[in-house]
Amino acid sequence: MSFESEQHADDYWKENIRLMLILLGVWFVASFCCGILFVEQLNAIRLGGFKLGFWFAQQGSIYIFLALIAVYVVQMNKLDRKYSVHEDDEAPEAPAQPQPVEEFGQ
Amino acid sequence: MDIQTLTFLIVGATFALYIGIALWARAGSTNDFYVAGGGVHPVANGMATAADWMSAASFISMAGLISFMGYDGAVYLMGWTGGYVLLALCLAPYLRKFGKFTVPAFIGDRYYSQTARTVAVICAIFVCFTYVAGQMRGVGVVFSRFLEVDITWGVIIGMGIVFFYAVLGGMKGITYTQVAQYCVLICAYLVPAIFISIMMTGHVIPQIGFGGELNDGSGTYLLDKLDGLSAELGFAEYTSGTKSTIDVFFITAALMVGTAGLPHVIVRFFTVPKVRDARKSAGWALLFIALLYTTAPAIATFARVNMIDTINGPDAQGTAYEKAPSWIGNWESTGLISWEDKNGDGKMFYSGDERNEMDIDRDIMVLANPEIADLPAWVIALVAAGGVAAALSTSAGLLLVISTSISHDLLKRNLMPNISEKQELGYARIASAVAICIAGYLGINPPGFVAQVVAFAFGLAASSFFPAIIMGIFSKRMNKEGAIAGMLSGITFTAAYIIYFKFINPAANTPDNWWFGISPEGIGTLGMLLNFAVAVGVARMTSDAPKHVQDMVADIRFPKGAGEATAH
């Protein structure tokens, strides 16, 4: 166990899940809500030459996906450091601790 | 220089580059061969993933599909990018920490079952072969149009090149070749798009240009003009589409989840040194993919307006056939465009109603686009090189998954556990050589159902792998009984629905007969939900996963201590 305590491990996992669910919520709203379910209503609004719903479906959702991954990477790196379960910065060839070696199902 | 000489030169130069990289990045160990030694930089890995992902279908067919589907084309745009969010947030970091070579290895170990592993191997091989057949065909099409060689020779040349760097270099050779191939294909995609965007709207960036005003001084927005043209000619409004909302919803979801469950995409995240890099790498991959995917709808719009204007002429009364631009003749000879003078006025006319006289294949839009817009010959040659790069990079990635599944998951872990690393590497090379020959055969003699089976590949990945992997990470207690029952019911349901509507009774393939109005393309989403439901139900009734498996799951949930991806 790399965490200081069971409590830490639980808290880390809960924060991780919370972040993931928030980001997946945005993911769902941007693509399925704006791009598909409410596309008609949004099409009443114009963004330059684009109807807004059409723009979300063919452009906007993709930009939002990119932003989501960027936020996730930054936030998770912070979280890893907070609970000091981040990876060491030295040579990646030398694992910090050996992988549990187990063979199942043979 | 004429187009053909230029095409030979540019395509030849890119081939020389790929072979050079393959020689430099030869694989010495199974580790090199399967996961490139686990030492690929996240940016390079992102590029390689993008090249691996964007196939001949993305490069050649997608913009054409959108061009003919309008708004409905968004299912591909969102479906094939949104899956990367799922990959980055729910799969990549945990699978990297788990640290094995393949998806079947994860399924087999997490569910402590040889049966689960075997089911996963069979799914992986099937999904990959489905895909690779289409890729080889793509290579053949590009060769036969631009190099004017026979399609068979086109496929054989393509096979030879892939054989060389996939068999020799394994994942290491493939990864670095794919980086080069990404650069070639993205240039080939962006250059004509930028040219046309400037010509039509005066904007350098196509993503902005297709929402801009036309360059002709009329002040009309491009998309408004296209909606107007569509209405006049009896097509559905471009920005609205024709599919039902529920169908668009389910197809998008199936493509997203399918993307996140495709073995040749997932295996990419085993090649980076750290868990942190796996997260980052998914972001880079999506960035590189988004460059092409946000350009595609712009190309689709430009191409559609250009094509209608060229065929119907400035007065929208039709253009005389004798005065037709040369691209129409060029593509007529390949059989992908045809004209039938129904009203006998000697003029071509294109519309969505009974006045229509043209039959235009959707696949030519990207390849013909530079010709339609009258771009210089070197741009046309570049597009040919890009199409070949897209097809080759994806085939190589798929072939690797096939050979790994056979040599590692089937032979080493199942049938002959005592072979040495050197023998395993030998088997991996033999397996990829055999796989290339089969793929080439399928490319030269394509079974009629290639287009149909693409829906199959995504549906299967969505309804089998994705739920099993997600539950393997996010539920410690999920056991083998639940996972196997879930995978089997998900696959069986999805496959049965697709086979019924695509093969047994294609005549019934209409919205009235579909369940809840969901087409076979979108049914994978329902299969995935079924998989989850069955797995949870069965797991409730059977005992929890054993302690050592639960400990393993706890261990993959944080990054610290991730070693290299290993075989055992």
Task: Extreme residue, farthest from A:W55 (Cα to Cα), among residues of the range A:10-21 that are free of Cβ contacts under 8 Å to residues at least 24 places away in the same chain and more than 7 Å from every other protein chain (Cβ to nearest Cβ) - done: A:D10
Open item on the list: Going by what's in this entry, would B:L286 be described as more than 10 Å from every other protein chain (Cβ to nearest Cβ), modelled with pLDDT of 85 or more and surrounded by 14 or more Cβ atoms within 10 Å (Cβ to Cβ)?
Closed with: no
Task: Tally of residues being hydroxyl-bearing (S, T, Y) and within 8 Å of chain A (Cβ to nearest Cβ) across the range B:116-136 - done: 0
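Answer yes if at least one residue in the range B:322-333 is hydroxyl-bearing (S, T, Y) and in a loop (DSSP other than H, G, I, E, B), and no otherwise. Show your work before the answer.
Residues of the range B:322-333 hydroxyl-bearing (S, T, Y): B:326, B:333.
Keeping just the survivors that are in a loop (DSSP other than H, G, I, E, B) gives B:333.
Looking for residues that are hydroxyl-bearing (S, T, Y) and in a loop (DSSP other than H, G, I, E, B), one finds at least one in the range B:322-333, hence yes.
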Open item on the list: Name the single residue that is farthest from the chain's Cα centre (by Cα) among those in the range B:292-350 being surrounded by 13 or more Cβ atoms within 10 Å (Cβ to Cβ) and basic (K, R).
Closed with: B:K347
- [ ] Give just the number: which of (1) surrounded by fewer than 20 Cβ atoms within 10 Å (Cβ to Cβ); (2) modelled with pLDDT of 85 or more does B:T525 not satisfy?
- [x] (1)
- [ ] Report, by residue number, each residue of the range A:22-42 that is within 15 Å of B:V248 (Cβ to Cβ) and at the interface with chain B (Cβ under 7 Å from one of its Cβ atoms).
- [x] A:S31, A:F32, A:G35, A:I36, A:L37
TODO: Six or more apart or on different chains, Cβ under 9 Å: which pairs go from a residue in the range B:536-554 that's of a type in the set (S, T, Y) to one that's surrounded by 19 or more Cβ atoms within 10 Å (Cβ to Cβ)? Could you list them?
DONE: B:T542/B:N479; B:T542/B:K480; B:T542/B:G482; B:S543/B:N479
Task: Cross-chain or 6+ apart pairs with Cβ under 9 Å, the range B:280-291 first and outside the structural domain of B:L190 (by TED's automatic domain parsing) and assigned to a helix (DSSP H, G or I), then of a type in the set (A, V, I, L, M) and surrounded by 24 or more Cβ atoms within 10 Å (Cβ to Cβ) - done: none
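Hey, among B:L375, B:L392, B:L399, B:L460, which residue is of a type outside the set (S, T, N, Q), part of a helix (DSSP H, G or I) and over 20 Å from B:Q178 (Cα atoms)?
Details: B:L375 fails: part of a helix (DSSP H, G or I); B:L392 fails: over 20 Å from B:Q178 (Cα atoms); B:L399 fails: over 20 Å from B:Q178 (Cα atoms).
Exactly one residue qualifies, and that residue is B:L460.
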- [ ] Please specify each residue of the range B:75-115 satisfying the condition of being at the interface with another protein chain (Cβ under 9 Å from one of its Cβ atoms), more than 23 Å from the chain's Cα centre (by Cα) and surrounded by 24 or more Cβ atoms within 10 Å (Cβ to Cβ).
- [x] B:G108, B:R110, B:Y111
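When the residues of the range B:42-60 are filtered to those that are of a type in the set (G, A, S) and surrounded by 24 or more Cβ atoms within 10 Å (Cβ to Cβ), which remaining residue is nearest to the other protein chains (Cβ to nearest Cβ)? Break it down stepwise before answering.
Going residue by residue through the range B:42-60, those that are of a type in the set (G, A, S) are B:44, B:46, B:48, B:50-51, B:55-58.
Okay, now just the ones that are also surrounded by 24 or more Cβ atoms within 10 Å (Cβ to Cβ), so B:46, B:48, B:50-51, B:55-56.
Working: B:G46: 11, B:A48: 17, B:A50: 13, B:A51: 18, B:S55: 18, B:A56: 21 Å.
Going through the qualifying residues, I end up with B:G46.
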Task: Scan of the range B:255-278 for residues that are within 12 Å of another protein chain (Cβ to nearest Cβ), more than 21 Å from B:V75 (Cβ to Cβ) and in a helix (DSSP H, G or I), ordered by number - done: B:V275, B:R276, B:D277, B:A278
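Looking at B:Q207, B:Q135, which is the one that is in contact with a helix residue (DSSP H, G or I) (Cβ under 9 Å, 6 or more places away or on another chain), under 30 Å from B:E424 (Cβ atoms) and in the same structural domain as B:L9 (by TED's automatic domain parsing)? Walk me through it before giving the result.
Details: B:Q207 fails: under 30 Å from B:E424 (Cβ atoms).
The match here is B:Q135.
What do you reckon, is B:G522 within 14 Å of chain A (Cβ to nearest Cβ) and of a type outside the set (A, V, I, L, M)?
Values: within 14 Å of chain A (Cβ to nearest Cβ): yes; of a type outside the set (A, V, I, L, M): yes.
So B:G522 passes the test.
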TODO: List every residue pair whose Cβ atoms lie under 6 Å apart, where the two residues are 6 or more positions apart in sequence or sit on different chains, the first residue falls within the range A:32-50 and is free of Cβ contacts under 8 Å to residues at least 40 places away in the same chain, and the second residue, located anywhere, is outside any loop (DSSP other than H, G, I, E, B) and among the β-branched types (V, I, T).
DONE: A:I36/B:V248
Task: Count of the range B:116-145 residues which are of a type in the set (G, A, S) and surrounded by fewer than 22 Cβ atoms within 10 Å (Cβ to Cβ) - done: 1
Open item on the list: As an exercise: evaluate A:F54 against (1) farther than 30 Å from B:Y112 by Cβ; (2) facing chain B (nearest Cβ under 7 Å); (3) modelled with pLDDT under 85 and give the number of the one condition it does not meet.
Closed with: (3)
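With the requirement that a residue be in a helix (DSSP H, G or I), over 14 Å from B:Q181 (Cβ atoms) and modelled with pLDDT of 80 or more, what does the range B:29-44 give you? Spell out the reasoning first.
Going through the range B:29-44, the residues in a helix (DSSP H, G or I) turn out to be B:30-38, B:42-44.
Checking which are over 14 Å from B:Q181 (Cβ atoms) leaves us with B:30-38, B:42-43.
Passing the criteria: B:P42, B:V43.
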Open item on the list: The conditions are (1) modelled with pLDDT of 80 or more; (2) away from every other protein chain (no Cβ under 14 Å); (3) farther than 19 Å from B:M365 by Cα; (4) assigned to a helix (DSSP H, G or I), and B:K172 fails exactly one of them. Which is it?
Closed with: (1)
TODO: Inspect the range B:342-354 for any residue being more than 30 Å from B:D52 (Cβ to Cβ), in contact with a helix residue (DSSP H, G or I) (Cβ under 6 Å, 6 or more places away or on another chain) and assigned to a helix (DSSP H, G or I) and give the result as yes or no.
DONE: no
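The values are calculated or read from the model by the stated rules, or taken from the named source; none is laboratory data. Quantities reported herein were computed from a predicted structural model and do not represent experimental measurements. Note that we place each Cβ from the backbone using ideal geometry, even for glycine, and neighbour counts take in every protein chain shown.
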